[in-house]
Each structure stands twice: as structure tokens, then as C-alpha cells.
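The structure under discussion appears below in the form of C-alpha cells.
The values are calculated or read from the model by the stated rules, or taken from the named source; none is laboratory data. As the structure is a computational prediction, the values presented were derived from the model and not from experiment. Here the Cβ is made from the backbone with ideal geometry for all residues, glycine too, and neighbour counts use every protein chain on show. Protein only, heavy atoms only, side chains kept; ligands, DNA and RNA dropped before computing areas. Shrake-Rupley method; radii C 1.70, N 1.55, O 1.52, S 1.80 Å.
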Amino acid sequence: MFYWLLKLVVLGPLLRLVFRPKVEGLKNVPRSGPVILACNHLSFSDSIFTPLIMKRKVTFVAKAEYFTGKGIKGWFSRMFFVGAGTIPVDRSGGQAAQAALDTLLRVLREGNVAGIYPEGTRSPDGRLYRGKTGVARLALESGAPVVPVALLNTDEIQPTGTLIPKVKRVRIRIGKPLDFSRYADQRGDRFVERAITDEIMYELMALSGREYVDVYASTLKTTIEAPVNSPSRRGDGVPGRR
């Protein structure tokens, strides 16, 4: 109830008025049944704008620390994430990634929409990075279609490290659902999981127009070794793009 109150009455109308979302392909999101939204990750605001433009409730997971802050700031953070439909996951232990996937799998088995960032973290420089195979495991376990969602300019609206977003029209492009039911009997095969993940990342690359880099974003430090305008590395079946 709080989710819809925040989206339709309290915060959503203001965000739509200020940022005037321009969305291509919204009709590609199925109106019912379990759906996985696989999004590229450019900005903190991705988790705001993606649920905002969807007609169905979207559930993401976030680290539990967002829900345990102290004082006024902690209260606002907690209320925001609860209102946005985000579920806290303890990421301090070794089973953190599995806990997040189990949570999203439960959402899908209830016939709802789960949002995931296959890159695992925000892009450090706007490029698209190698996807982690959790999204493939979700697709195989749930049987849900995967809808690629490309955030096109959220890094310009709220660059990493900034608190106040710039007032600029947000642009989002949504691709057609990807059906991986042909791999239903190959769950647990890491080569299949990699192939599925690479297919999803290829679609995100095509939709976003962002350069693809065949390394995990989480392995990079603040200073990126490869210059932004250099050719992408290739591998695992996903072509690079300049």
C-alpha cells in the first residue's frame, strides 16, 4: 500500500513533472506473470526511475545498511526504500549473493516483477560491463522472461557521488522479452548460464549504445586502466562496441 501511495500520490507525480520520463518500449513488459527486468546500472537514481515508469510493482534488493541508519537521515532512507518496494539483504556474509537471488526468486514465484542489475554494481565510467550469471540462474529457476531495460542518461542526471540530481529529462529504452525456456533442462550448467548472461548483456549494449567492456565492474578501482575511448575487450560471445 505504501509503495502505491508513494508512487501515485506522494512522490511519483512530482518526479514525472520534473524529469518528464521518455520511455521507449514500455509495451514490451508483460502485464501479468513473473518478469525479470535486467537493467544496466549508471546511477543511484536507476532504482527510482525504473519502478516509476513501470505499470507494475518492481522489486529490487539492496544492502541491509540502507534500512538501519540512525537519526532523521536513516529514517528517510528506510522509508524511501520500503516505499520503493526494495527488500533488504544482508551482504556481510559469504552467502550474500545467494540470499539476494533467493529473495528475487520468491518474488518471481509469486508472479511478480523482479529487478536486477546484472553488472552487480554501478558502472564506474558509463560503459557497460560484464554481467554476473545470477540473472541467468533466476531465469532458469523461475522460467520467467527477461526484459532488458536500458537507462540511457541517468549518469548525467545524478553522477556517482552527487546527492542532488540535475533536472533533465530521463530517457529509458526497453527491449523485447527474452525467452530462455529452451535451456530449462540445463540448470546448473555454468556454460549455459554464461551464454544466457552474455545474450542479455548484448541486448543491453544494443539498446543503450554504451561501449561494452568484458571485465567485471566490481574488479575496477577508481582509476580505470583502459581509456574511455579505447576499443572494448572482447570475449564470451559478446562483441565489443566503440
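Using Cα pairs closer than 8 Å and at least 6 residues apart in sequence, work out the relative contact order for the chain, in percent.
Numbers: 440 pairs, mean separation 60.5, N = 242.
In percent, rounded to a whole number, it is 25.
Sequence-distant or interchain residues sharing an amide H contact under 5 Å with Glu24, placed H: which?
Ile172, Arg173, Ile174
Arrange the residues Met79, Met1 by how much accessible surface each exposes, largest first, with a 1.4 angstrom probe.
Met1, Met79
Can you list residues whose amide H is under 5 Å from Leu37's amide H, if they're 5+ apart or on another chain and H is modeled 1.01 Å from N?
Ala114, Gly115, Ile116, Val147
Which sequence of Lys55, Lys22 reflects their accessible areas, 1.4 Å probe, from the largest down?
Lys55, Lys22
I'd like the carbon and sulfur percentage of the solvent accessible area for the range 1-92, probe radius 1.4 Å, heavy atoms only, ligands and nucleic acids excluded.
Details: 3230 of 5030 Å².
Of the solvent-accessible surface of the range 1-92, carbon and sulfur hold 64 percent.
Is the chain best put as rounded, prolate or oblate by its Cα gyration tensor, with a ≥ b ≥ c the root eigenvalues, rounded for a/c under 1.5, and otherwise prolate when a/b is larger than b/c, oblate when not?
Values: a/c = 1.39, a/b = 1.17, b/c = 1.18.
The shape class here is rounded.
Based on alpha-carbon centroids, what's the gap between the range 33-60 and the range 188-211 in Å, whole number please?
Centre-to-centre distance over Cα atoms comes out at 18 Å.
Please list 133-140, 202-209, 157-164 highest first by mean number of surrounding beta-carbon atoms within 10 Å per residue. Can you show the working numbers first?
Details: 133-140: 23.6, 202-209: 19.5, 157-164: 12.6.
By packing density, highest mean first, the sequence is 133-140, 202-209, 157-164.
For the range 1-30 and the range 101-174, compute the distance between their C-alpha centroids and round to whole Å.
Cα centroid of the range 1-30 versus Cα centroid of the range 101-174: 16 Å apart.
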